[in-house]
Amino acid sequence: MSGHIREVIFIRLLPVFVIGLLLAYVFPIPSVYPLFIAMTVSLVLISTYAKLPVLWMYRWQFIYGCLLMLLVLISGMLVMSATVRSNASYLTLPRYSHLTVKVTEEPMIRERSIKIVATILSTTDGTRYASIRAKCLLYIAVTDKGKSIRYGDEILCRNTLRAVDTNPNPHAVNYQFILRNKGIYETGYLTDKDYQIAKAFTGTDLNALAISIRNYCLQIIRTYVPDPGAAAVCTSLLLGVREQLSDDLEEAYASAGVIHILAVSGMHVGLIYLLIQFLFNASGLQKRFRLSALICTLLFIWLFALVTGLSSSVVRASAMITFVACCHYLKRPMVTLNILFASAFVLLIHNPLILFDIGFQLSFFAVWGIIVMQPVLYERLHTPNPILDYIMKMVSVSLAAQLFTMPLILYYFNQIPVHFLLANLIVVPVLTMVIYALMLLIALSFLPGVIYPVGHLISVIVTGVNDAIAFIQTFPMALVHIRSFTALAAALLFIAVLLGTTYLNSNNPKYLRSALIALVLIIALGNWSYFQKSSKQYVQVFSVGKYPLATVRNRDKAIVMYPYNLDMTKNHTDRYLKQYFLKEYANEIICVPYGSHSNNQIKSDWFTFTQTGLNSSLCEIQTQKDGLLIRIDSLDRASVHNQCVWNINKENLDIYNTLYIPLTTIHGRSD
C-alpha cells in the first residue's frame, strides 16, 4: 500500500463502514453466520492476493480494493448486529417483584423528579433469584431520601419498570429511539416507599473522581460568579451542565446561532489542548521530556472529557487530538481530514449507535467543513490589515461550519439562524477568554481574595454577552423557519455544499452547475411537499399526558381543541404544535379550549367549526367530562391523516359516524 493511500485510508474506509452499520440497523440480520463466512472468504482471498507476484498484484489491484471494501462493509454489519442483539437481549432476561440496581451516573434533580441512570444487578421475589446486567432509567420522587442518593449507591427497589413508551404524536421527539441507542429499554417511577438504599458507595473509581471534580468546579463557579444567569452560562460553557440554564436564555442562544458554544464540544477540547501545549513549551518540558509531555497531555484531555460527561462531541474531539498528538510525537506526516475520519471510525467500532447521536453528527460535520472549506474561504477573504484579517478568519470558520451543518440543522430543527456570523464574531472570542478565565478561577480557588474580583469580572462579561445575544434575537428575521425539510432534501443540500467546496478548490464550472442542479431539486421537492400538504383536510387526535387534544385541518387553516385545564406551555406542547403545523404548511392556527367549570361540571356542548371559518360539514367535536366525541360528517371531504394517534376510519366509527375517545385510554409519557 503506497504512502499516499495510507495517509487517506480512513477517508475511503469510513463511508463503507457506515453503510454497513446502516444496513444492519435498518435490515436486522436473523443470523450472523453468513456474515462470518463471507468475512472469512474475503480474508482468505486478500491473503492470497498478498502472495501473488508484483505484476499480478498490479493487474488485480481493483479486485483487491473491492475485497477490502467488502471486508469493511461486513465488519460494519457485524459490529452493529452484535450491539443491537446485546441490547435487545436485556428484554428476555427475567424480572421479578424486586430489583437491586446500582446508580451509574450522578443523579439529576429536577422540578418534579430525580432522574437516575442505573444498572440492574439482580432481581428476586423472595424465592427466585437471577443475576442480570441491564441499564434502566428511574425517576424518583423529590424528597430528602431521594436527594441523598449518590453515584455508586446500590438500591433495593420494587420492580416498577416498563418498556419505554414511544411518543405516538407525529413529528414528535422519538424518546424511545434515543434511549435505546443508549442501551436503555425500560423506565420506572419510585416513591419513598418503593425503595431503600441497600449499600452506600464509599469507595472511589474514575467516574467518582470525575464527578467529585465536576461538583467542586460547580461549587466554585456558583460561589464566585454572583449573577445566577451568568453562573448558569459558565457551568454550561466549561462543564456542559445546563440544569440551571433558563429556557429563554437557551432559546436566545439558539436563535442567534451560537448554541454550540454552550455545549462542551471540540472547540473546548481544542482550547484545553492549546493551553497545555503552551504551558509545556513555555516551561521547556516539551523538548526535554517529549514522551512524558505526551502522556500528561492525553491524561488531561481525557480527564476533561470524563469530567464533562463524555458527550459524543467531546469524545470525538478527544480521539482526534489523541491522533494529532501521537503524530506530532512520532513526527509522522498527517492529513487532518484522515485523522477526523479515523477518530470517527474508532468511536463507531466502540459504540456504533453513536452514529445516530445528533451531537456527534453536528460535531463531525462542523469539523469536516472547517477542514475542507475554511482554508479556501479564508484565501478569498484574506486582507493585509491584521485586525480585519482576524475578523475574516473568524467569518470563514463560522461560515464553513455553518454550511456543512446546515443540512442537519434544517432536517432536525427546521430553522436556520440568520445572524449567526454577527453573533459568532461577538460571542466566540469573548467566551473563549471567559473559558480561560474560568480555568484560572478554579486553579486559584485556594486564594479566595484573589479570585473574588475575577468571578465578578466574569459575571459582568457574561451578563453583557447574554444581553448582546438577547438584542440580536430581536433583529428582524433572526430565525428563519423552514416548513418541511426531508432526509432527501438534506442529502441533496449536503451534496450541493460538497460540490460548491470542490468548485472553490478547482474553479471547474461543472461542479458549480451540479451544485445548482441539486439546489433546484431541493426547491422542486419543497414545492411538491407544499402542494401535497396545503390542500389536505383531515382530523387528528394527539396525546398530551392524559389528555386528548383534537385538531382539524382544512387546507391552510388548523384548529386545536384542548382541555381548558391543560397548560399548553407544559412540556412545550405549544411549541411542539407550532413546529408540527409549520411542517404541515398551516398558515393559520386557532387554539380553542373545550370544557369549563359550571357547578364543578364540564359542559358537553357541540362545537362547530363554522365559527372559525372552517368547513362546517367537516366534523364536530363534543366535549364530555371524561373524553371527547368526534363526529365525522363526510369521510370523503375529510380525509383522515395516516399518522394520527387514533386511526379514524369507517371501521371504528359507529353508525352515526362518531368516535368516542375516553381519557382512560390515553397513555401519554410524562416525566
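The values are calculated or read from the model by the stated rules, or taken from the named source; none is laboratory data. Just so it is clear, the model here is predicted, and its values are computed rather than measured. Positions of Cβ are backbone-derived with ideal geometry, glycine not excepted, and every protein chain shown enters the neighbour counts. To get the accessible areas, we keep the full protein, side chains included, count just its heavy atoms, and leave off ligands, DNA and RNA. Shrake-Rupley method; radii C 1.70, N 1.55, O 1.52, S 1.80 Å.
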#### Entry: Residue-level accessible surface for Arg513, protein heavy atoms, 1.4 Å, Å²
140
### Summary
The answer for segment 200-265, accessible area per residue at 1.4 Å probe in Å², is 43
### Relative contact order of segment 153-277, defined on C-alpha pairs under 8 angstrom at six or more residues apart (%)
19
### Summary
Per-residue accessible area, 1.4 Å probe, largest first, puts Phe280, Phe17 in the order Phe280, Phe17
## Note on the structure
Per-residue accessible area, 1.4 Å probe, largest first, puts Ile116, Ile370 in the order Ile370, Ile116
### Query
Rounded to the nearest 20 Debye, what is the dipole magnitude of segment 135-236 about its Cα centre when Lys and Arg each give +1 and Asp and Glu each give -1 at the C-beta?
100
## Note on the structure
Probe 1.4 Å, heavy atoms of protein chains only: per residue, the accessible area of segment 115-162 in Å² is 44
### Query
What are the residues whose amide H is under 5 Å from the amide H of Tyr96, where those residues sit 5 or more places off or on another chain and H is modelled from the backbone?
Thr124
#### Entry: Whole-Å semi-axes of the ellipsoid equivalent to segment 194-306 (Cα gyration tensor, √5λ, descending)
30, 24, 12
## Note on the structure
Excluding ligands, DNA and RNA, the carbon-plus-sulfur percentage of the accessible area of segment 198-258 with a 1.4 Å probe reads 52
### Task
Kindly report, to the nearest 10 Å², the accessible surface of Tyr452 as traced by a 1.4 Å probe over protein heavy atoms only.
130
### Task
Pairs of Cα atoms under 8 Å, at least six residues apart: use those to get the relative contact order of segment 208-351, whole percent.
22
### Query
How much of Met108 can a 1.4 Å solvent probe reach, expressed as accessible area in Å² and rounded to 10?
70
### Query
Which whole-number percent gives the relative contact order of segment 415-518, counting Cα pairs below 8 Å spaced six or more residues apart?
31
### Task
Send over a whole-number figure in Å² for the accessible area per residue of segment 340-381, probe 1.4 Å.
38
### Task
Would you grab the residues whose amide H sits under 5 Å from the one on Leu190? Only those 5+ places off in sequence or on another chain, please, with H modelled 1.01 Å from N.
Tyr139, Ile140, Ala141
